[in-house]
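These notes are about the structure you will find just below.
The values are calculated or read from the model by the stated rules, or taken from the named source; none is laboratory data. The shown structure was predicted, so the numbers you read here are calculated from the model rather than taken from an experiment. Note that we place each Cβ from the backbone using ideal geometry, even for glycine, and neighbour counts take in every protein chain shown.
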2 protein chains.
Amino acid sequence: MKQRIAIDAMGGDHGVAVMLAGAALARHRHESFEFLLVGDEVQIEKALDNHPGLRSASQILHSDKQISGDVRPSQAVRQSRGTSIGMAIDAVKAGEASAAVSGGNTGALMAIAKLALRTMPGIDRPALAALLPTLRDHDVIMLDLGANTECDARNLVQFAVMGAAYSRILYDFDAPKVRLLNIGTEDMKGTEDLRDAAQQLKEAAGLPMAFEGFTEADKISSGDIDVIVTDGFSGNIALKAVEGAARFVTDLLKRSFASSLRSKFGFLISRPATELLRHHLDPNNHNGAVFLGLNGVVVKSHGSADAKGVANAVEVAARLVKHDVTQRIVDDLGNFDTGADAPAQKRAV
Amino acid sequence: MKQRIAIDAMGGDHGVAVMLAGAALARHRHESFEFLLVGDEVQIEKALDNHPGLRSASQILHSDKQISGDVRPSQAVRQSRGTSIGMAIDAVKAGEASAAVSGGNTGALMAIAKLALRTMPGIDRPALAALLPTLRDHDVIMLDLGANTECDARNLVQFAVMGAAYSRILYDFDAPKVRLLNIGTEDMKGTEDLRDAAQQLKEAAGLPMAFEGFTEADKISSGDIDVIVTDGFSGNIALKAVEGAARFVTDLLKRSFASSLRSKFGFLISRPATELLRHHLDPNNHNGAVFLGLNGVVVKSHGSADAKGVANAVEVAARLVKHDVTQRIVDDLGNFDTGADAPAQKRAV
């Protein structure tokens, strides 16, 4: 089966040109990719003049409405009909596309996707999972990053299963190393829900992962962990704190280099080193946050992503479709049994 | 009145020598400082041989027991009698010292201090406040960082008052800029407690601060905020995430510089720049986390701090004593009135 990916051509800070350049780059790397380009037909046609390869692999779905960046999720759902995000998601729902990629309003995309595609069987709440750079040669997956402000133990266990499935698909890991984000690594640390979730994962049989307990937030980028599981509030705090601190250090470095003539000269000479740093930290190389737990693949490209970033997001979507992430999560949930919890649940019924 | 600071000489990863070297450095800078050195008399006497200035300003309080790093807070409280932490805190309680500084087990110090000194009038729960580096010429104060895993709106409002008092004392700001840490800046973002706290601070009269709403975690180091208020769980996650990311970027940078001969040469030339970066990020320059909200000043020095770091922690303690942080918080609480909340509370009575 050919993969057909719906692109919300109107999302993203840089507009149609960058979204299509990204799709074209992904298509250039993977000849089997096909696209459904959703958005203003005139603008799309014009942008396609630069990308004959993409044009030959694409259909256009005209939409003359967009959801702006400052619309609340609840409003977005009401306004979604006929918008580029709404039509891209509807195409997934109708089976006309196997995945949707958008660079638009995250909250709106999440709310529209959840309403249209519905949460998949066995999962109570979908979660937003992103990739963060590490000192090793692969990124770490962190979820949830803001879809759910408050989460209970059951949600966290499900996030662990979804994150592990994503990690196995992305990196071919047999048993990804999974940890729960906490304020200490001892058993008694953190909230009751965190301790419950850890207990369930520790005692579960048939786990499609290596559950290794808690981690503190200073180990996120260590590369020793493949999947970090957290509630959406803490996850968002951790993600933003990492982004802010990385920018802070690189800003300081720039200032330091500019502080004297000698330093400026040193900077020029060590250009390859600072370029390597820049490449490693470039969000475009880690672009593509995934909504896991829906009946369909939906990927959020960062609003400020460039063509390379959009291409990465498209490739993430394609990989999740190819390896049928939804079915894999269903299978994983069927195979594993949280010994501690199941009898209690039965008693409760 | 001369200031007398109780030093837990046994706390800290590097032992008596570093704790006393730190005290000696602080004394060298401030001739009025006096010390009560709590710990093993023989070890302290030996270390004092290197610091005649400190010896002339110090009394020794012998303790032959210590609380180890892995003891739980609840155990620590039971074992505290006669330990160096316990006796340093008791000296504050008895008025024999005006502040205590320890580099020992944070949870133990917090629990022992809370039990002995009690929470001050008008405050429901003490909070741990630390200093983080920014792009400006002053640090940002963040609290709570782990004393309270879960906090309600009332706690957060009190933390804001305490953090603002600390900021005014430390930096002589008239009205420090205060924000609540959240996952977005719009009014409807985050938990109900966060929204409540923001509402109360927005509507309060006589605020000893400029309350500016919410901030996301990527702005922590921007220098645009003087005090960041959060619950202990999120605060700990944010603090550790910032520390981890800063280390990650500097590790990457080291690797990048080592990646080629040319880069190594560039590194040597730009040494002043990277030294400036190192200086700015050095935790010793931001050492001294304060327990705010107790009847007495208690400062936690980082376990790995060097003499310069310990001296900073001692100076923070002295400054809080000199400006009577406890009385200042009492006054601030008396002056300000959260218009929205007070009538409701009266009705509830």
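Report, by residue number, each residue of the range B:96-116 that is part of a strand (DSSP E or B) and among the hydrophobic types (A, V, I, L, M, F, W, C).
Taking the range B:96-116 as the starting set, the residues that turn out to be part of a strand (DSSP E or B) are B:99-102.
B:Ala99, B:Ala100, B:Val101, listed by residue number.
Beta carbons closer than 9 Å, at least 6 apart along the sequence or on distinct chains, pair a first residue in the range A:216-234 that is basic (Lys, Arg) with a second that is not in a loop (DSSP other than H, G, I, E, B) for A:Lys219/A:Arg179; A:Lys219/A:Ile228; A:Lys219/B:Lys240; A:Lys219/B:Gly244.
Here A:Ala245, A:Ala198 are screened, and the one residue that is under 26 Å from B:Pro73 (Cβ atoms) and in a helix (DSSP H, G or I) is A:Ala198. Candidates in the range B:33-91 are the residues that are touching a Leu at 6+ places or on another chain (Cβ under 6 Å) and of a type in the set (S, T, N, Q); of these, the one that is surrounded by the most Cβ atoms within 10 Å (Cβ to Cβ) is B:Ser58.
Each row is one residue, and each column tells you yes or no for (1) at pLDDT 95 or above; (2) more than 25 Å from A:Gly15 (Cβ to Cβ); (3) touching a Ser or Thr at 6+ places or on another chain (Cβ under 6 Å).
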{"site": "A:Asn295", "(1), (2), (3)": "yes, yes, no"}
{"site": "A:Val314", "(1), (2), (3)": "yes, no, no"}
{"site": "A:Gly334", "(1), (2), (3)": "no, yes, no"}
{"site": "A:Gly339", "(1), (2), (3)": "no, yes, no"}
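Restricted to the range A:1-82, the set of strands (runs of 3 or more DSSP E) holding at least 2 residues that are polar (S, T, N, Q) comprises A:58-62. Scan the range A:230-243 for residues that are buried (at least 22 other Cβ atoms within 10 Å of the Cβ) and within 7 Å of another protein chain (Cβ to nearest Cβ) and jot them down. Within the range A:230-243, A:Phe233, A:Ser234, A:Asn236, A:Ile237, A:Ala238, A:Lys240, A:Ala241, A:Val242 qualify. A count restricted to the range A:216-229 and to residues that are more than 8 Å from every other protein chain (Cβ to nearest Cβ) and either closer than 24 Å to A:His302 by Cβ or of a type in the set (S, T, N, Q) (or both) stands at 6. Looking only at residues in the range A:246-263 that are within 7 Å of another protein chain (Cβ to nearest Cβ) and farther than 13 Å from B:Leu281 by Cα, which one is nearest to the chain's Cα centre (by Cα)? Here the residue is A:Phe257. The number of residues in the range A:171-215 that are away from every other protein chain (no Cβ under 14 Å) and either crowded, with 23+ Cβ neighbours inside 10 Å or touching a residue at least 24 places away in the same chain (Cβ under 8 Å) (or both) comes to 23.
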